[in-house]
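Down below is the structure, laid out as structure tokens.
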Amino acid sequence: FRRHRNSPISLSARFETSLKEPDFYEQHLYTNHFMWDNDFSKVSTTKIQAALDIPKWKLHASAGYALLANNIYYDTLAVIRQNTEPMSILTASLRKDFHLGVLRLDNRALFQLSSKPEVVPLPMVVVNLRYYLQFPIVREDVLKMQIGVDARYNTLWYAQGFNPVTGTFYNQNEEQYGNCPYFDVFMNLQWKQACIFLKMENAGQGWPKDSHDYFSAHHYIYPSRSLKFGIY
């Protein structure tokens with residue numbers, strides 16, 4: 001829409017549809033703990049997506065709609081099932097970055113809605129904020145530094161559990177996770193070809209909540225506060 005080489009505006013759209021046969025292990029599995037011999041129908045997926053990109057404003061927005069039929073999931077007993085009723089997923093995302101001198105404010109937000117959360121559970125809102133200072137110590141092409149905070153947050157949802165026997169994630173309705181920020185404090189140094197980093201992972205360790213509600217999956221807790229450093 002705008003041909004200026006330094007500030008183009010682009011609007012894109014995408015349509016995708018597929019009809020896939022379930023793989024062998026989704027149809028047939030024989031282990032000490034799990035066994036099934038299924039005759040699942042083909043999985044139908046139809047997606048419509050649109051995106052708006054304005055580089056000059058450091059702005060990117062997108063929205064999408066997916067229609068699923070006969071999609072496969074693992075129930076609360078970690079047993080594979082096929083959802084015979086059509087369902088839909090709606091998503092919208094926004095990224096807006098601000099550069100104010102040496103200050104960088106990178107903001108990303110995602111909204112998603114599942115018509116059948118018992119089949120495809122999703123947190124309604126997910127936010128990632130990366131706020132940091134970036135400045136040269138010697139010269140821009142010799143040594144520069146980033147120092148700041150990388151924070152993540154999502155609303156409450158029934159986070160899936162992990163089944164190590166089948167190597168798959170399964171649904172659960174016992175415990176909701178989220179509504180607690182998880183953030184790392186970091187320092188990066190770019191020294192010509194070398195990158196040096198220092199990071200305090202999980203610096204908040206449950207703050208500002210009283211409980212340490214930081215889980216990557218059901219019963220799988222993130223590591224406690226730890227210091228990591230390295231060079232490559």
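Using helices alone, what [θ] at 222 nm do you get for the chain, with -39,500 (n - 2.57) per DSSP H run of 4 or more residues, divided over all residues and rounded to the nearest 500?
Values: 1 runs with 4 residues, N = 232.
Result for the chain, helices only: 0 deg cm²/dmol.
What is the magnitude of the charge dipole of the chain about its Cα centre, with +1 placed on the Cβ of each Lys and Arg, -1 on the Cβ of each Asp and Glu, and no other charges, expressed in debye to the nearest 20? It would help to have the intermediate numbers written out before the result.
Numbers: 24 positive and 21 negative charges, 320 e Å.
Dipole size: approximately 1540 debye.
If you roll a 1.4 Å probe over the heavy atoms of the protein chains, what accessible area per residue do you get for the range 54-95, in Å²? Working shown, then result.
Details: 2260 Å² over 42 residues.
For the range 54-95, the per-residue accessible area is 54 Å².
Here each label is just a point 7 Å from Cα along the line to Cβ, and for Ile147 and Ala92 those points are 3.9 nm apart. Name the residues of the range 74-99 whose amide N is less than 13 Å from a point 7 angstrom out from the Cα of Asn163 along the C-beta direction? Those under the cut-off are 74-82.
Can you tell me which of Glu21, Glu118, Glu201 moves the most in a GNM of the chain? Springs connect C-alpha atoms under 10 Å apart. Most flexible of the set in this elastic network: Glu21.
For Leu156, the shell of other residues with beta-carbons less than 11 Å away shows a net charge of -2, using +1 for Lys and Arg and -1 for Asp and Glu.
Return an integer: the convex hull volume of the alpha-carbon atoms of the range 115-211, in Å³ per residue. Provide the component values of the computation, followed by the final result.
Working: hull volume 15.4 nm³, N = 97.
Hull volume over Cα atoms, normalised by residue count, gives 158 Å³.
The count of lysine pairs in the chain that are at least 8 places apart or cross chains, and whose C-alpha atoms lie under 25 Å apart, stands at 19. When the Gaussian network model of the chain links Cα atoms closer than 10 Å, the mean-square fluctuations of Leu156, Leu77, Leu198 top out at Leu77.
Net charge near Leu68, counting Lys/Arg +1 and Asp/Glu -1 over other residues with Cβ under 14 Å of its Cβ? Walk me through the intermediate numbers first.
Numbers: positive: Lys20, Lys42, Lys47, Arg81, Lys116; negative: Glu16, Glu85, Glu118.
Taking every Cβ under 14 Å from that of Leu68, the sum is +2.
Between Gln205 and Phe24, the modelled labels are 4.8 nm apart [label points 7 Å from Cα along Cα→Cβ].
In whole percent, and with a 1.4 Å probe on the protein chains, what portion of the accessible area of the chain is carbon and sulfur?
The nonpolar share, carbon plus sulfur, comes to 59 percent.
The values are calculated or read from the model by the stated rules, or taken from the named source; none is laboratory data. Source: prediction; values computed, not measured. All Cβ positions, even for glycine, are placed from backbone atoms using ideal geometry, and neighbour counts span all protein chains on display. Please note that ligands, DNA and RNA were not included when accessible areas were found on the heavy atoms of the full protein model with its side chains. Shrake-Rupley method; radii C 1.70, N 1.55, O 1.52, S 1.80 Å.
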